[in-house]
Amino acid sequence: MPSLKSSDRVIICIDSSSSRIAVARSVVTLHGLHLLRRAHGAKLGAARANLRLIVAAANRTICVSEAERSDVLDAIGARSVGRLAGIHNGADP
């Protein structure tokens, strides 16, 4: 991962409940990966690390489309494939 410059600002989007995700059964639903698509350099590395931590901590991560699922796997690696579930548009067909 590239090193941060003093002019870089990195936002990691983990709320105060994220520490409890790892100890309780949990499901995370993704609604777009806009930050991953727009970030570059260190910001992209931080966004990928954040997504990797969230997917690893949750029992399941719901992707609302096959494209989103593919983007998640590209960003965090195929070893997380078993933690992802595709429920298109939030409704199981």
Practice item. Could you list all residues from segment 36-49 that are surrounded by 17 or more Cβ atoms within 10 Å (Cβ to Cβ) and within 12 Å of the chain's Cα centre (by Cα)? Key: LEU36, LEU44, ALA46, ALA47, ARG48
**Study point:** Failed item in (1) over 16 Å from LEU35 (Cβ atoms); (2) under 9 Å from the mean Cα position of the chain (by Cα), with ILE76 passing the rest
**Key:** (1)
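Name the residue that is most open to solvent (accessible area, probe 1.4 Å), counting only residues in segment 64-93 that are closer than 20 Å to ALA24 by Cα and either touching a Ser or Thr at 6+ places or on another chain (Cβ under 6 Å) or of a type in the set (A, V, I, L, M, F, W, C) (or both). If you could, list the steps in order and put the result at the bottom.
Within segment 64-93, the first condition is being closer than 20 Å to ALA24 by Cα, and the residues that meet it are 80, 82-85.
Applying the additional criterion that residues be either touching a Ser or Thr at 6+ places or on another chain (Cβ under 6 Å) or of a type in the set (A, V, I, L, M, F, W, C) (or both) yields 83-85.
Values: ARG83: 85, LEU84: 16, ALA85: 29 Å².
Out of the qualifying residues, it is ARG83.
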Review point. Restricting attention to segment 50-62, which residues are open to solvent by less than 30 Å² (accessible area, probe 1.4 Å) and under 10 Å from the mean Cα position of the chain (by Cα)?
Key: ASN50, LEU51, VAL55, THR61
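The values are calculated or read from the model by the stated rules, or taken from the named source; none is laboratory data. The model shown is predicted, which means the values in this text are computed figures rather than measured ones. So basically every Cβ, Gly included, is an ideal-geometry build from the backbone, and we count neighbours across all protein chains shown. SASA here: full protein model, heavy atoms, side chains in, ligands and nucleic acids out. Shrake-Rupley method; radii C 1.70, N 1.55, O 1.52, S 1.80 Å.
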